[in-house]
Every structure is written in C-alpha cells, then in structure tokens.
Amino acid sequence: MNGPERRQLTRYNVRIPLRFRPISLAADQTEHFTEAVNVSRGGFFFVSSAPLQMGMPIEVTLRMPAEVTGTKAEETRCSARVVHVRNQPYGDGRIGFGAEIERFHIPSANASPT
C-alpha cells in the first residue's frame with residue numbers, strides 16, 4: 001500500500017514484548033505472547049499466528065518505550081482494536097496486524113502489586 005500516510009502520531013521502530021488476548025465472544029480467548037515491531041501513543045504493529053480479524057477487540061499489555069511515554073519505559077495495559085491485517089506471512093508463518101489503542105487502563109491506587 002503506497003497510499004497517503006494517515007498516522008498523526010510518531011511511530012517508533014522498536015521491538016518490544018507484547019501479550020494480548022482477543023476479547024471477542026467468537027474468538028479463542030487464550031493469551032498470546034509475541035512482539036510489537038513498531039509503536040506510537042495511538043497504536044502498534046505486531047506479528048502473530050493468532051487468527052485475528054479486522055475490527056476484533058484485544059486486551060494488550062506491553063512495555064511502552066521512553067520515546068513514546070516521554071518519560072520512562074513503563075508497563076502499559078490497554079484495549080485496542082485490529083485495524084489492518086498484512087496477510088503476507090513472515091518467514092516463520094506469522095502475519096502482521098495493526099492495532100489502534102482505544103483506551104489505556106490506569107492501575108488502581110488500591111490494587112496490590114503482583
């Protein structure tokens with residue numbers, strides 16, 4: 001796709017661990033471990049062998065790098081939605097997914113550390 005760039009937030013090409021689980025009722029809700037290959041404050045691109053589809057909601061935990069947070073790298077939980085699928089498989093059979101962050105989950109001050 002060589003269309004016009006629609007992103008408005010700076011995207012950083014960093015590989016960071018990511019775990020997610022689909023939250024669609026029709027989806028396998030197993031937690032998957034993979035990596036994001038680029039991130040911004042508004043979304044990320046990741047590779048996975050999970051059977052995700054356009055529009056599917058996912059719950060995600062990843063370590064946002066300092067370039068994105070503006071301060072320090074921090075563990076981030078968020079709700080996101082798959083907004084594009086790159087069907088050409090990578091060498092290991094995984095395919096690429098773009099996800100848009102819809103909501104950040106702020107840890108409760110009353111939550112006990114685990």
Going by the structure shown, is Glu67 of a type in the set (D, E, K, R) and modelled with pLDDT of 90 or more? no
Being more than 11 Å from the chain's Cα centre (by Cα), open to solvent by less than 30 Å² (accessible area, probe 1.4 Å) and over 24 Å from Gln88 (Cα atoms) is the filter here, so list the residues in the range 37-70 that pass it. Pro65, Val68
Taking the range 91-107 and keeping only residues that are of a type outside the set (Asp, Glu) and exposed (fewer than 13 other Cβ atoms within 10 Å of the Cβ), one is left with Gly91, Gly93, Arg103, Phe104, His105, Ile106, Pro107
Could you list, in sequence order, the residues of the range 39-76 that are hydrophobic (A, V, I, L, M, F, W, C) and part of a loop (DSSP other than H, G, I, E, B)? Ala50, Leu52, Met54, Met56, Ala73
Looking at this structure, is Thr114 hydroxyl-bearing (Ser, Thr, Tyr), open to solvent by 100 Å² or more (accessible area, probe 1.4 Å) and modelled with pLDDT under 90? yes
For the range 17-36, what are the residues that are open to solvent by less than 20 Å² (accessible area, probe 1.4 Å) and under 24 Å from Gly91 (Cβ atoms)? Leu18, Phe20, Ala36
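The values are calculated or read from the model by the stated rules, or taken from the named source; none is laboratory data. Bear in mind that the values here come from a model prediction, so they are computed numbers and not experimental data. Virtual Cβ from ideal backbone geometry, glycine too; neighbours counted across all protein chains shown. Keep in mind that these areas ignore ligands, DNA and RNA; they rest on the heavy atoms of the full protein, side chains included. Shrake-Rupley method; radii C 1.70, N 1.55, O 1.52, S 1.80 Å.
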